[in-house]
Number of protein chains: 2
Amino acid sequence: HADLKEMRRVNALKNLQVKCAHIEAKFYEEVHELERKYAAMYQPLFDKRSDIVKGSYEPADDECEWKADEEEELTVSKAIMEEKKDEEKEDPKGIPEFWLTVFKNVDLLSDMLQEHDEPILKHLQDIKVKFSDAGQPMSFTLEFFFEPNEFFTNTLLTKTYKMRSEPDESDPFSFDGPEIMGCTGCQIDWTKGKNVTLKTIKKKQKHKGRGTVRTVTKTVPNDSFFNFFAPPEVPENGELDEDSEAVLAADFEIGHFIRERIVPRAVLYFTGEAIEDDDDDYDEEGEEADDEVRFFFSFLIYIYIYICK
Amino acid sequence: HADLKEMRRVNALKNLQVKCAHIEAKFYEEVHELERKYAAMYQPLFDKRSDIVKGSYEPADDECEWKADEEEELTVSKAIMEEKKDEEKEDPKGIPEFWLTVFKNVDLLSDMLQEHDEPILKHLQDIKVKFSDAGQPMSFTLEFFFEPNEFFTNTLLTKTYKMRSEPDESDPFSFDGPEIMGCTGCQIDWTKGKNVTLKTIKKKQKHKGRGTVRTVTKTVPNDSFFNFFAPPEVPENGELDEDSEAVLAADFEIGHFIRERIVPRAVLYFTGEAIEDDDDDYDEEGEEADDEVRFFFSFLIYIYIYICK
């Protein structure tokens, strides 16, 4: 039968396609190698950025010339003015609150920020991406460097993302490059009374028999950016509750974004130059929907007036 | 003044960022090299695919085993049945209309297809991607291989896309990997009377003085997929009219899609397995909009009934 013969041939093509997916996996491994090679080439520039931000290096005049159009110049100065208006200090070193400002400027990150996180993130001095060594399982580590501060004793907080670049046996065609498979945080050694990821609440308890009331103090989790370093653990059986799954999905997106966008282009998120483009898509969609709603309301009012005449 | 000092430092960071953009450009050039290397590794698999599609190679039983779930098996057979129902031929060679079916299954491509293109595309036997040689300006060529046919004498139609992988001097921060900069098609040697990209129309002309009417025949452009091989030319000054600009924007998207998706995964577009995922996003958006519209109509009817009571 012709159809069956053709189906056999299509199956043969699908088997070839599985082979392609495995070659593609190797391709992405080599791209990862390239990324490691280029990470080393970017590093001197990122180190200089870090020195300028911290104030340990003052750039010379020729390094500071910027031939930009007026509009851009305005964006820069506006961004700086806004950051500065609350501050009175004369000639602070470097670029104070550089990374905190980046965090505030990016929706994905500012959504995680709580007010109590801000004084801590003022001490964040650099974020680096470290790739796994050649031959090791694919992964990358985000390294957050802090200056000595009153909140915790760590000077380095880390978050490691494990990647996988191979097609899933049961669904090889869904493979489309490396995926984040899991992540691990690090322990934060909080100074006594400074742990913003916990809060104490007071609860009244009534004694069942005697009817007397006592107040107990309970320590419960508190919203904070620093929960980023204590992601939900995936249990042995790999099954997660819905909440943890949502937290991890958001976590992977944030980890990827910090690696792919924030670290390579931090200054553009500080000035806002990188943000406009990213938000354009959202605005347009929103506007369209608004127009629809507006149209229907006008229509409604029109009908209403017509009927009431 | 503190703000000015800080602005100087931010400018220094922006100058470092421009250097990063130039390193990134080199990175993408190396990725392009990797793509060329892997293209050679995929080619034997693609050649075998082509042989199976054309019917010049009949796969052995072990090449045709496919351990899929029933649902997938159904998709395959459904796709084939639909393609086949109009055909009566016994045991056709290979997989007839393989590429035409791919074209019909992909919205981006089927939008270009006209009815008169279909008999021609039945003769399309393979599409290959050829990358520019190392050291040459970055580009890729889509090669469309046709079996001998009654429509044109070419057996190969080509479309070349020129790429650029360097930051724009005037806007270095917008750089985000190689971009398609332009494209060139090829001449199609149509058999007399078979050129579907042209049509003749009859027009009545009235003689101004005498008032007599004559019918003239004019040849005008006709919608066809084969206009893909005659893209609008960009004039010396680089300025395009709006129509040509829209045609080119769509053309670049199609060229990129054929290179990135269609050629590497043709069988999945033939069976439809690759299509669901791609369309999911659109469907969801569409559904949401529909729901909104539906909600407003219900609301309208509700108000109408209420007022008319």
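Only one of these is under 19 Å from residue A:100 (Cα atoms) and surrounded by 12 or more Cβ atoms within 10 Å (Cβ to Cβ): A:252, A:228. Name it. Outline the logic, then answer.
Working: A:252 fails: under 19 Å from residue A:100 (Cα atoms).
Being under 19 Å from residue A:100 (Cα atoms) and surrounded by 12 or more Cβ atoms within 10 Å (Cβ to Cβ) holds for just one of A:252, A:228, which is A:228.
Give the range A:165-209 a look and list any residue that's within 14 Å of chain B (Cβ to nearest Cβ) and aromatic (Phe, Trp, Tyr), or say none.
A:173, A:175
Within the range B:47-59, take every residue that is at the interface with chain A (Cβ under 8 Å from one of its Cβ atoms) and in a helix (DSSP H, G or I) and give me the one that is most open to solvent (accessible area, probe 1.4 Å).
So the residue we want is B:48.
Out of (1) at pLDDT 90 or above; (2) more than 14 Å from every other protein chain (Cβ to nearest Cβ); (3) open to solvent by less than 100 Å² (accessible area, probe 1.4 Å), the odd one out for residue B:266 is which?
(2)
In the range B:179-190, is there at least one residue being open to solvent by 60 Å² or more (accessible area, probe 1.4 Å), under 19 Å from residue B:164 (Cβ atoms) and not hydroxyl-bearing (Ser, Thr, Tyr)?
Here is the first cut: in the range B:179-190, the residues open to solvent by 60 Å² or more (accessible area, probe 1.4 Å) are B:179, B:181, B:184, B:187, B:189.
With the extra rule that they be under 19 Å from residue B:164 (Cβ atoms), the set shrinks to B:179, B:181, B:184.
So of that shortlist, the ones also not hydroxyl-bearing (Ser, Thr, Tyr) come out as B:179, B:181.
Within the range B:179-190, one or more residues are open to solvent by 60 Å² or more (accessible area, probe 1.4 Å), under 19 Å from residue B:164 (Cβ atoms) and not hydroxyl-bearing (Ser, Thr, Tyr).
Does residue B:145 satisfy being assigned to a strand (DSSP E or B), more than 22 Å from residue B:194 (Cα to Cα) and at pLDDT 95 or above? Before the answer, list the steps.
Values: assigned to a strand (DSSP E or B): yes; more than 22 Å from residue B:194 (Cα to Cα): no; at pLDDT 95 or above: yes.
Spelling it out, it is not the case that residue B:145 is assigned to a strand (DSSP E or B), more than 22 Å from residue B:194 (Cα to Cα) and at pLDDT 95 or above.
Confirm whether residue B:242 is closer than 22 Å to residue B:121 by Cα and out of contact with any strand residue (DSSP E or B) (no Cβ under 8 Å at 6 or more places or on another chain). Give the steps one after another, and end with the answer.
Values: closer than 22 Å to residue B:121 by Cα: no; out of contact with any strand residue (DSSP E or B) (no Cβ under 8 Å at 6 or more places or on another chain): yes.
No, not satisfied.
Tell me, yes or no, whether the range A:73-82 has at least one residue that is surrounded by fewer than 16 Cβ atoms within 10 Å (Cβ to Cβ) and at pLDDT 60 or above.
Looking for residues that are surrounded by fewer than 16 Cβ atoms within 10 Å (Cβ to Cβ) and at pLDDT 60 or above, one finds none in the range A:73-82, hence no.
Looking at the range B:83-104, which of its residues are at pLDDT below 90 and either surrounded by 15 or more Cβ atoms within 10 Å (Cβ to Cβ) or within 24 Å of residue A:171 (Cα to Cα) (or both)?
In the first step, residues of the range B:83-104 are kept if they are at pLDDT below 90; the result is B:83-93.
Within the range B:83-104, B:83, B:84 meet the criteria.
Count, please, the residues in the range B:8-38 that happen to be open to solvent by 60 Å² or more (accessible area, probe 1.4 Å) and more than 7 Å from chain A (Cβ to nearest Cβ).
Qualifying residue count for the region: 6.
Out of the range A:122-135, which residues are within 13 Å of residue A:161 (Cα to Cα) and not in a strand (DSSP E or B)? Steps first, please.
The first filter runs over the range A:122-135 and keeps only residues within 13 Å of residue A:161 (Cα to Cα), leaving A:129-132.
Passing the criteria: only A:132.
Among residues belonging to the range A:105-150 that are among the aromatic types (Phe, Trp, Tyr) and more than 12 Å from residue A:258 (Cβ to Cβ), point out the one that is least open to solvent (accessible area, probe 1.4 Å).
First pass over the range A:105-150, keeping only residues among the aromatic types (Phe, Trp, Tyr): A:131, A:140, A:144-146.
If we keep only those that are more than 12 Å from residue A:258 (Cβ to Cβ) as well, we get A:131, A:145-146.
Numbers: A:131: 39, A:145: 62, A:146: 9 Å².
Of everything passing the filter in the range A:105-150, A:146 is least open to solvent (accessible area, probe 1.4 Å).
Does the range A:153-168 include one or more residues that are open to solvent by less than 20 Å² (accessible area, probe 1.4 Å) and modelled with pLDDT under 95?
Scanning the range A:153-168, I find at least one residue that is open to solvent by less than 20 Å² (accessible area, probe 1.4 Å) and modelled with pLDDT under 95, so the answer is yes.
The values are calculated or read from the model by the stated rules, or taken from the named source; none is laboratory data. Please read these numbers as outputs of a predicted model, since none were measured by experiment. Please note: Cβ atoms are built from the backbone with ideal geometry, for glycine as well, and neighbour counts cover all protein chains shown. Just the protein is used for accessible areas: all its heavy atoms, side chains included, with ligands, DNA and RNA removed. Shrake-Rupley method; radii C 1.70, N 1.55, O 1.52, S 1.80 Å.
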